[in-house]
Amino acid sequence: MAAKKKGRGTKRSTAKKAVKRAVVKKAVKKAAKRKVAKKAAKKAVKRAVVKKAAKKAVKRAVVKKAARKAVKKAVVKKAARRRVAKKSNSLVARVKRVATGVVEQAQTAVSQGVDAAKELGENIVDRVTG
């Protein structure tokens with residue numbers, strides 16, 4: 001049998017190996033790029049989700065604030081209506097209320113004065129008889 005020549009066989013296998021290595025390198029680079037692209041896409045999606053959630057939270061806060069303001073305004077308007085309604089009837093009612101208060105205070109003052117006069121009279125009687 002004839003022996004193989006070393007030079008020629010090794011050259012071909014070396015060339016094949018180099019081509020194979022180049023193909024593998026390209027494949028690895030592409031895979032790496034894909035991985036990077038996937039990671040970037042995932043990050044972008046996460047960022048978008050976070051941004052969307054933040055926007056929703058802001059919208060909710062704005063809506064809540066607006067609702068609170070609307071409720072406050074409604075309460076204030078209602079109270080103002082009550083005051084206005086009372087004012088329209090209240091001229092006579094207010095005079096009546098004030099007069100009642102004055103009468104009560106006068107009654108209290110008079111009863112206290114009468115009690116003080118009685119006590120003074122008793123003290124004088126005690127001093128004269130005693």
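Rule-based calculations on the coordinates, nothing more; no lab input. As the structure is a computational prediction, the values presented were derived from the model and not from experiment. All Cβ positions, glycine included, derive from the backbone under ideal geometry; neighbour counts span all protein chains shown.
What to note about this one:
- Positive-end residue of 24, 110, 92, charge dipole of the chain with Cβ unit charges: 24
- Think of the chain as a dipole: +1 on every Lys or Arg Cβ, -1 on every Asp or Glu Cβ, centred on the Cα centre; then among 37, 53, 101, 37 lies furthest on the positive end.
- With the largest listed first and rounded to whole Å, the semi-axes of the equivalent ellipsoid of the chain from the Cα gyration tensor are 111, 26, 5.
- Magnitude of the charge dipole, the chain, Cβ model with Lys/Arg +1 and Asp/Glu -1, debye to 20: 5580
- Violating pairs (Cα-Cα greater than 32 angstrom) within the set 52/72; 20/43; 30/56; 39/59: 20/43; 30/56
- Between helix 6-129 and the chain: long-axis angle, C-alpha atoms, 0 to 90°, nearest 10: 0
- This model, with +1 at the C-beta of Lys and Arg and -1 at the C-beta of Asp and Glu, gives the stretch 31-107 a dipole about its Cα centre of some 1420 debye.
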